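Each remark here refers to the structure printed beneath this line.
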Amino acid sequence: MGKAISITFSLIQWIAFFLGIIIVYELLRWAVVSFFKRRFLRSVTSFLRKNEVRFDQYKLTNKLIIKDQLLHDRDVSNQILEEARQKNIPYEEAREIAEEYIDEIVPTFNLLSYYKFGYSIANILLKFLYKVVIDEQGRDQIHQIPDDSLVVYVMNHRSNIDYIVVGYMLLENISVSYAVGEWARVFPLELIFKSFGAYFIRRNYRDPLYHTILQKYVQLISRNKVTQGIFLEGGLSRDGTFRPPKTGLLDYILAETANAQDAENVYFVPVGINYDWILEDKTLISEWKEGKQTMTLSDHFLSLITILIKSPYLLVVNSFRVLTGRLKEHGYVSVQFGEPVSLDSLISPSEFGKKDSYHERRDDLKRVAGLLQHRIRNIVPVTPVALLSYTLTQVSGTSISKTECQRLMHEHLETLEEQGAQLLMGKDYANQIISRKHLESEKWFRKRDLVEFEKDLIRGDVVDKTLQLAVELLVRRSIIKINKEQILIVPEKQAYMEYYANTIRHYFEEEAKNITPISTEKNG
């Protein structure tokens, strides 16, 4: 009996010991997590205040509250009833379907994820892959937008990494909620994107209940002035040119804001993006040559896998190159911001608000989408690879001398500058940037002919540097070869040159030269 009591007492002691360890561990874990969480929050708060970041408070709204608002929306409730009637299922089952759609669409924005984890990942990834250059002057215009405005960034779509690029570029100004395709609904990307405030959309999905919920969610965040980012083309360009704009998300936003009392406080900011090297260009070019107009889910998955595999590989390789002093990036990624344009300079909100159906609004939507895309086209940055690729596509034959290539690039760069296109120059162009600033500060004291002569000399230096950078990248990718002073075009890689040339080809088209600039005056 005594032995049994002793064993029981020992067992209780061991249980108490392990429980004590668990309690101490949990207390320590709570203390450590709380310490770092408070520290990170203070750091984030300091960052937001220091940079005067426009922050959308509604993003911090509990997801359950948003879910409740959507489920109690009259149109959503009616569509749930219609779903139950059409599918001949109980109302509760139809409501569960609606709740699943809401859980899928609505994000859970997290300050620490966005400003700590997100920034760190974006900073490391982009700087290991590219030389990042941004139009600082254009970005500064964003500060001129009134604080109580709804701001929508409208962009061209080159790569799945666009989300990271633009978010990184705007981090010191605003956090952007993106509409992300279902290609990213895989673990752990779904959790990451949702914590960054992105909401997911199913493209080419026709279920009325789903679209009603998506519409109401977009209108809900628009009503609460949540800054959004939209890729007007709705998908990646296969050949480097612009795809026709989509109007679905644009319709949701305009239908909500046109009837608002402060419709004049709705602004669209055009954003142009371009790369020297797009990670998934092989997949995109293959689809272009195969005549594919849309990407299937499997295509998106393959594109995603390309990035997921290639990015870590490049990070490891470039880390080794950093240690050995031989870092080789993928050239430039450039972002340019256009002048913000108000909603009432694009349409008459009162007239648009009177149109109840999409059919009635369609012509207005196409016009607005076309005007916005035109603004984006006019600010797509010129990258070294794009300029050299365009020049080489104008060559009759498979080779050209470097001297002749420089001459043609000089002419093309002059044409681009006349069209207002910018070669956003990074650290490689330090001497040329200094020369331009020096000339700009003294041009009022010099003769016009002398200023033009010096401009031409500087442009020549820019062309020399651009040719050097672009040749290095294209040779590395076996798209061209160098034989003494001759540039040889590899026929099997001709499509790659055409693809990158197409990203700036619109600047050289006759119709682009004759388009009247869009007026920024407000409708009378």
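The values are calculated or read from the model by the stated rules, or taken from the named source; none is laboratory data. What you see is a predicted model, and the numbers here were worked out from it, not measured in a lab. Because the Cβ atoms are built from the backbone with ideal geometry, glycine has one as well, and the counts that use them run over all protein chains shown.
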Practice problem: May I ask you to list the residues in region 447-464 that are surrounded by fewer than 17 Cβ atoms within 10 Å (Cβ to Cβ) and touching a residue at least 40 places away in the same chain (Cβ under 8 Å)? | Solution: G460, D464
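Residue by residue, here is whether (1) part of a loop (DSSP other than H, G, I, E, B); (2) small (G, A, S); (3) surrounded by fewer than 20 Cβ atoms within 10 Å (Cβ to Cβ); (4) outside the structural domain of W277 (by TED's automatic domain parsing) holds:
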residue: H330; (1), (2), (3), (4): yes, no, no, no
residue: H359; (1), (2), (3), (4): no, no, yes, no
residue: L365; (1), (2), (3), (4): no, no, no, no
residue: L371; (1), (2), (3), (4): no, no, yes, no
residue: Y390; (1), (2), (3), (4): no, no, no, yes
residue: E414; (1), (2), (3), (4): no, no, yes, yes
Exercise. Return a yes/no flag: does region 139-153 have any residue that is surrounded by 21 or more Cβ atoms within 10 Å (Cβ to Cβ) and part of a helix (DSSP H, G or I).
Key: no
Quiz item: Would you say Q79 is at pLDDT 80 or above, of a type in the set (S, T, N, Q), in a helix (DSSP H, G or I) and farther than 28 Å from I379 by Cα?
Solution: yes
Practice problem: Please indicate, with yes or no, whether at least one residue in region 205-226 is within 18 Å of the chain's Cα centre (by Cα) and surrounded by fewer than 20 Cβ atoms within 10 Å (Cβ to Cβ). | Solution: no
Quiz item: Can you tell me which residue in region 76-109 is surrounded by the most Cβ atoms within 10 Å (Cβ to Cβ), limited to those that are acidic (D, E) and under 24 Å from G197 (Cβ atoms)?
Solution: E104
Quiz item: Any idea which residue in region 216-240 is nearest to V151 (Cα to Cα), counting only those that are assigned to a loop (DSSP other than H, G, I, E, B) and β-branched (V, I, T)?
Solution: T227
Quiz item: If you take the residues of region 29-65 that are modelled with pLDDT of 80 or more and not charged (D, E, K, R), which of them is surrounded by the most Cβ atoms within 10 Å (Cβ to Cβ)?
Solution: T61
Quiz item: Got at least one residue in region 469-478 being surrounded by 14 or more Cβ atoms within 10 Å (Cβ to Cβ), over 32 Å from the mean Cα position of the chain (by Cα) and assigned by TED's automatic domain parsing to the domain that holds T393?
Solution: no
Practice problem: Residue by residue through region 253-286, note down the ones that are in a helix (DSSP H, G or I) and surrounded by fewer than 19 Cβ atoms within 10 Å (Cβ to Cβ). | Solution: E264, K282, S286
Exercise. Taking the options V395, V385, name whichever one is in contact (Cβ under 8 Å) with a residue 24 or more places away in the chain, within 21 Å of A470 (Cα to Cα) and over 28 Å from the mean Cα position of the chain (by Cα).
Key: V395
